[in-house]
Amino acid sequence: MESSDLGTIADLVADRWDDHRPGLWCGERVLTHHEVAAGAAARAALLADLLPAGAHIGLLLDNTPEYPLWLSAAALARVAVAGINPTRRGPELARDILHTECRILITERAHLPLLTGLGLPWGPGRAGAVERGGVCLLVTDSQEYDDLLAPYAGSRPDPSRADPADRLLLYFTSGSTGAPKAALCSQGRLAAAGRSLADQFAVRPDDVHYVCMPMFHGNAVIADWAPALAAGAGVALRRRFSASRFLADVRRYRATYFTYVGRAVQYVLATEEQPDDRDNPLRLGFGTEAGAVDAAAFERRFGVRLVEGYGSSEGGAAIQWRPGTPRGAVGPATPGLVVLHPETREECPPAVLDSTGRLLNGDEAIGELVNRGLSPFEGYWRNPAAEAERRHDGGYWTGDLFYRDADGFLYFAGRADDRLRVDGENLAAAMIENILARYEGAAAVAVYAVPDPVTGDQVMATVAGDFDPRAFAGFLLAQPDLGTKMVPRFVRVVERMPVTATNKIHRAALRKEGFVRADPVWWRPPGEDGYRRLTEEDRDGLVAEYRQHGREELLTGQAR
């Protein structure tokens, strides 16, 4: 498809002019679709006076009406938006703003303390700061901001100059496994994604999309806001995700659709059940990483089907659910999508599943998902090394593990970074997590690699919830699909799983702490079947063993 055929987000924004239906809700505030288009036009006119096309602005905002207004304005003004994560701090936050070369940073009073002491090149005034290459700061909940926009109040959206190839988004990957990278997304790709999802889920103009995931992340913008915009549907915003307010918001705004990532579904399920939970207007939830068990529990409790989709954050590969997709699968493999073995780089054989759907040949069936067909991946901002990791050997390498059944359906098996190699056997952390999640006392489970003192890895798990070492050991023995090499050597117990700002398990933090810095940790010494508390003496003995084999440096991230 030619880029000129894709359409633009600017076109979709302008289409809502003279549409006086309610279109945007946030708390007590309600804007019509027309008011949203008019507000976007005013902000676009301001941007046109301050910045050239192709410049970048940063949004350091919670999910307030200002977020979609500035996204829409950027499309009209042909500038790009960098979503700045308000949970980042200090040098990391400064790095995100400087790396994406934000000429204007738009924020709110609540986030001003985050900017203190960052050493950013603030300019003395809005025009002067922009002209001299500094960072112009706009605070949305201020009189100065209102005064700044007032002269542009009569503006009308003009999408005629926008082009599908215009860069619109620089959104950081979640950082659950490493340092965030700023992925690029053009107006054409975002508009096409919005239309595709609107068609897939039959989104209607009278639908309301509940946006409770943070809009600085691609999920909320691409999978929630964009399809609503494409279909002319309404959008309801939650400033920050709240499991306890989820159902109340859904009822209040008459929401019919929502998206989720990470542990969000699990947090909602952890709220106290009520007899009228199924009395809600939702018809669909769309997201990733809920897991088959939680998806089934969500449907039983709320009467709402969850569709587990897959699309790499960078847009390089996507799997679309279709009717007939087996439970636990994401969807069918489309032409060009292959699963390649991590060592041979050959296509993996089909998965062998038992009658309950449990994988029996994970070592040979699990590999990295690679797109050898057309890929809409548009790259990372000023990061050629990261791009090279994705584009090589004739394909787009997703960094995600999958397996494929005999009928061609694909199943997510975790991140490639979460692969473990134990005694020469490749294991996927997600497969072990699915088994450990059956443990009755576990509210959440994370599995990851820690170094073995001699070679390869050992399995470590973090369990949130109740943990009884004797009961857990008995549980492991009773699992028919838990291979002997999958059994965790170390088990860390926490009250609440550490997560990123997008509610994904913060595996990088867990791996860094390992078994040396974490406490409490239970371990299964070699030759023993049960678990006992890891003591300071045990830790010293383990570190000495690593030192003896010349692998103590692998514990650097875990050093006391």
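The values are calculated or read from the model by the stated rules, or taken from the named source; none is laboratory data. In this text the structure is predicted, and so the values were computed from the model without any measurement. Note that each Cβ is placed from the backbone with ideal geometry, even for glycine, and that neighbours are counted across all protein chains shown.
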Task: Enumeration of residues in the stretch 181-225 that are in contact with an Asp or Glu (Cβ under 7 Å, 6 or more places away or on another chain) and among the aromatic types (Phe, Trp, Tyr) - done: TYR210
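Would you confirm whether or not the stretch 399-412 contains a residue that is surrounded by 15 or more Cβ atoms within 10 Å (Cβ to Cβ) and of a type in the set (Gly, Ala, Ser)? Talk me through it step by step, then tell me what you get.
Just the residues of the stretch 399-412 that are surrounded by 15 or more Cβ atoms within 10 Å (Cβ to Cβ), to begin with: 399-405, 409-412.
Then keep just the ones that are of a type in the set (Gly, Ala, Ser); that gives 399.
The answer is yes; a qualifying residue exists.
Which ones in the stretch 482-525 are in a loop (DSSP other than H, G, I, E, B) and within 27 Å of GLY287 (Cα to Cα)? Outline the logic, then answer.
Filtering the stretch 482-525 for residues in a loop (DSSP other than H, G, I, E, B) gives 482-483, 487-489, 495-498, 500-504, 506, 514-520, 524-525.
Once the filter is applied, which keeps residues that are in a loop (DSSP other than H, G, I, E, B) and within 27 Å of GLY287 (Cα to Cα), the stretch 482-525 yields GLU495, ARG496, MET497, PRO498, THR500, ALA501, THR502, ASN503, LYS504, HIS506.
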- [ ] Please give the strands (runs of 3 or more DSSP E) falling wholly within the stretch 371-480 in which 3 or more residues are touching a helix residue (DSSP H, G or I) at 6+ places or on another chain (Cβ under 9 Å) and within 30 Å of ALA297 (Cα to Cα).
- [x] 395-404, 409-415, 442-451, 457-465
TODO: Name every residue in the stretch 176-207 that is crowded, with 24+ Cβ neighbours inside 10 Å and closer than 22 Å to ASN280 by Cβ, in order of residue number.
DONE: LEU197
Task: Scan of the stretch 17-58 for residues that are under 18 Å from ARG161 (Cβ atoms) and not in a helix (DSSP H, G or I), ordered by number - done: TRP17, LEU51, PRO52, ALA53, GLY54, ALA55, HIS56, ILE57
Task: All positions within the stretch 48-83 that are within 18 Å of CYS136 (Cα to Cα) and free of Cβ contacts under 8 Å to residues at least 40 places away in the same chain - done: ALA48, ASP49, PRO52, TRP70, ALA73, ALA77, VAL79
Open item on the list: Exactly one of these conditions fails for PRO275: (1) under 16 Å from the mean Cα position of the chain (by Cα); (2) free of Cβ contacts under 8 Å to residues at least 12 places away in the same chain. Give me its number.
Closed with: (1)
Task: Sole residue being polar (S, T, N, Q), at pLDDT below 90 and assigned by TED's automatic domain parsing to the domain that holds VAL13, chosen from SER160, SER142, SER155, SER176 - done: SER176
